[in-house]
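Structure record follows, encoded as structure tokens.
Please treat every number below as a calculation from the coordinates, not as lab data. What you see is a predicted model, and the numbers here were worked out from it, not measured in a lab. Cβ sites come from the backbone with ideal geometry, for glycine too, and all protein chains shown count toward neighbours.
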Amino acid sequence: MQTSECIHAFFPYLFRATYDWLADNNLTIYVEVDTTNPQVIVPSQHATGNLIILDITPEAVNKLKINNTIMEFEARFNNKIVFISIPLSSVISIYNPQYEYGIKFQPTINIAIPLDLVNLQEVPKDTTNKTPQQPSSTKPKSSKKPKLTLLEKPTD
């Protein structure tokens, strides 16, 4: 792999998977959005402070599009169709209020991370040791690439 390749941000995939799971189970889907981002386009009169909660259940919205950076759709407010645009970095949570299923997210910046910035620690081959050895600061840096090793779960 070249260092110019990137790891895509995890958040959009987790958001879409949660949305799909809630929709597949015919559950109401709400999103809680931080409206302080100037790119958030929502009817501000329905916001409480810097927050707005929107029903994004498939029956409640039209033309829903969710990509890696933004969610857009049309919804009705006071019998008027309103265009909504929400950067995914402004989503605080996606959930079902009846059964309290969902995820609350930490504030993040929705960017791709270059692989050369990802810090992978080598795992020792001895899997009987429960904690990975910490790299010593006195060891010279190796030009070897980090390797991931599958650790087997200990049997009881």
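Between residue 17 and residue 74, what FRET efficiency follows from the Cβ-Cβ distance if R0 is 25 Å, with the result rounded to 0.05?
That pair, residue 17 with residue 74, gives E of 0.60.
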Contact order normalised by residue count of segment 6-114, Cα under 8 Å, 6+ apart, percent: 33
How far apart, in nm, are the 7 Å Cα→Cβ label points at residue 59 and residue 26? 0.9
Amide H contacts of residue 70 (H built 1.01 Å from N, under 5 Å, at least 5 apart or other chain): 88
Residues with amide H under 5 Å from that of residue 61, placed H, sequence gap 5 or more: none
